[in-house]
Amino acid sequence: MSPNTTRLQGRTALVTGSTGGLGVAIATALAAQGALVVVSGRNKERGDAVVAEIRAAGGQAEFVAADLGAGGDEVRRLAREATAAAGGRLDILVNNAAVWGMPQTTEEVSEAALLESYQANVIAPFLLTGAVVPAMAERGHGAVINVGSITGLIGGDRSALYSSTKAAVHSLTKSWAVEYGPRGVRVNAVAPGPIATERVADIADELAPVLARVPSRRMSTPEEVAAAVAFLAGEDAGNIHGVILSVDGGWAAA
């Protein structure tokens with residue numbers, strides 16, 4: 001199948017954490033709209049499979065392996081190699097990769113888990129944005145979409161660690177919008193509620209009472225969240241800066 005639209009034709013994008021789950025849906029959606037997508041994650045076999053799937057559908061994709069929990073040198077290497085794989089220019093950065101643990105009370109969270117989560121969910125996107133976006137700003141054009149979470153907007157039982165990292169992502173989104181907007185780079189975020197992915201299936205029973213109160217009465221699909229990311233990446237969102245777009249079935253409103 002050929003790309004279904006040319007909204008992002010000629011654009012290049014890096015999507016972190018795009019070898020599984022939501023990241024695959026985002027990479028696929030951007031490629032379907034004409035972008036050349038750099039898929040990234042730790043597992044080369046899975047990354048190559050995503051690239052093959054995108055190419056089979058008529059899209060353009062490359063893979064660059066990276067472990068964003070490994071520290072600043074690895075993050076900066078990803079920035080360099082992804083830029084090269086994209087032909088020397090990145091127009092779109094999607095900070096999607098994140099560590100997501102099972103619900104725990106604050107006292108149950110180990111110091112190691114705390115450091116791991118902040119390294120992957122906050123420090124890595126901070127450093128990657130700092131490595132990629134200056135070139136966008138120099139050209140006067142670009143888009144950054146951060147993947148936050150509805151839990152970063154509202155309180156949640158046994159979610160203090162994950163929620164706090166996503167609240168930080170939301171805060172960075174607004175600060176970066178102010179910092180980079182005047183230089184032509186738009187920075188926004190999506191804040192998904194529960195998404196129907198394999199890992200969420202493990203806590204489906206716990207989510208059932210919550211979903212019963214959500215206006216839509218269901219989880220979002222990965223494709224629905226990916227569509228919001230693709231919208232924010234395109235020119236239709238040309239004057240949208242610093243927005244946290246909830247894709248949560250109305251959870252935050254309930």
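The values are calculated or read from the model by the stated rules, or taken from the named source; none is laboratory data. Keep in mind that what you see is a predicted model, and the values were worked out from it rather than measured. Methodologically, a virtual Cβ is constructed for each residue, glycine included, from the backbone with ideal geometry; neighbour enumeration extends over all protein chains shown. Ligands, DNA and RNA are stripped out before the accessible areas are found, and what is left, the full protein with its side chains, is counted by its heavy atoms. Shrake-Rupley method; radii C 1.70, N 1.55, O 1.52, S 1.80 Å.
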| Residues located in segment 228-254, provided they are under 23 Å from I154 (Cα atoms) and without any contact (Cβ under 8 Å) to a residue 40 or more places away in the chain | A228, G250, A253
| said: Looking at (1) free of Cβ contacts under 8 Å to residues at least 24 places away in the same chain; (2) more than 14 Å from the chain's Cα centre (by Cα); (3) more than 26 Å from G69 (Cβ to Cβ), which one does G184 not meet, given that it meets all the others? | reply: (1)
| said: I'd like the full set of residues that are farther than 26 Å from S159 by Cα and open to solvent by 30 Å² or more (accessible area, probe 1.4 Å), limited to segment 88-112. | reply: G88, R89
| Residue match in segment 101-110 (condition: under 22 Å from E62 (Cβ atoms) and either in a helix (DSSP H, G or I) or free of Cβ contacts under 8 Å to residues at least 24 places away in the same chain (or both)) | no
| task | Only one of these is in contact (Cβ under 8 Å) with a residue 24 or more places away in the chain and closer than 20 Å to V225 by Cβ: V75, V94. Name it. | result | V94
| task | Considering only segment 178-194, state which residues are surrounded by fewer than 20 Cβ atoms within 10 Å (Cβ to Cβ) and of a type outside the set (D, E). | result | V178, G181, P182, R183, G184
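This table checks each residue for (1) free of Cβ contacts under 8 Å to residues at least 60 places away in the same chain; (2) of a type in the set (G, A, S).
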residue: T12; (1), (2): no, no
residue: G41; (1), (2): yes, yes
residue: D48; (1), (2): yes, no
residue: R89; (1), (2): no, no
| request: Could you list, in sequence order, all residues of segment 196-225 that are modelled with pLDDT under 95, of a type in the set (A, V, I, L, M, F, W, C) and assigned to a helix (DSSP H, G or I)? | output: V200, A201, I203, A204, L207, A208, V210, L211
| task | Would you mind stating whether T83 is within 20 Å of A226 (Cβ to Cβ) and hydroxyl-bearing (S, T, Y)? | result | no
| Quick check: is even one residue across segment 142-154 open to solvent by less than 20 Å² (accessible area, probe 1.4 Å), among the hydroxyl-bearing types (S, T, Y) and part of a helix (DSSP H, G or I)? | no
| field | Single residue of T173, T165 found to be part of a helix (DSSP H, G or I), closer than 20 Å to M102 by Cβ, β-branched (V, I, T) and open to solvent by less than 20 Å² (accessible area, probe 1.4 Å) | value | T165
| query | Which pairs do you get when a residue that is more than 20 Å from E235 (Cβ to Cβ) and of a type in the set (S, T, N, Q), found in segment 131-151, comes within reach of a residue that is open to solvent by 10 Å² or more (accessible area, probe 1.4 Å) and not in a helix (DSSP H, G or I), reach meaning Cβ atoms under 6 angstrom, with the pair 6+ apart or on two chains? | reply | T151/S159
| Which one of the conditions (1) of a type in the set (G, A, S); (2) in contact with a Ser or Thr (Cβ under 7 Å, 6 or more places away or on another chain); (3) not in a loop (DSSP other than H, G, I, E, B) does A228 fail to meet, given that it meets all the rest? | (2)
| request: For D236, indicate whether it is open to solvent by 50 Å² or more (accessible area, probe 1.4 Å) and of a type outside the set (V, I, T). | output: yes
| Selected residue [in contact with a Ser or Thr (Cβ under 7 Å, 6 or more places away or on another chain) and of a type in the set (K, R)] from R158, R183 | R158
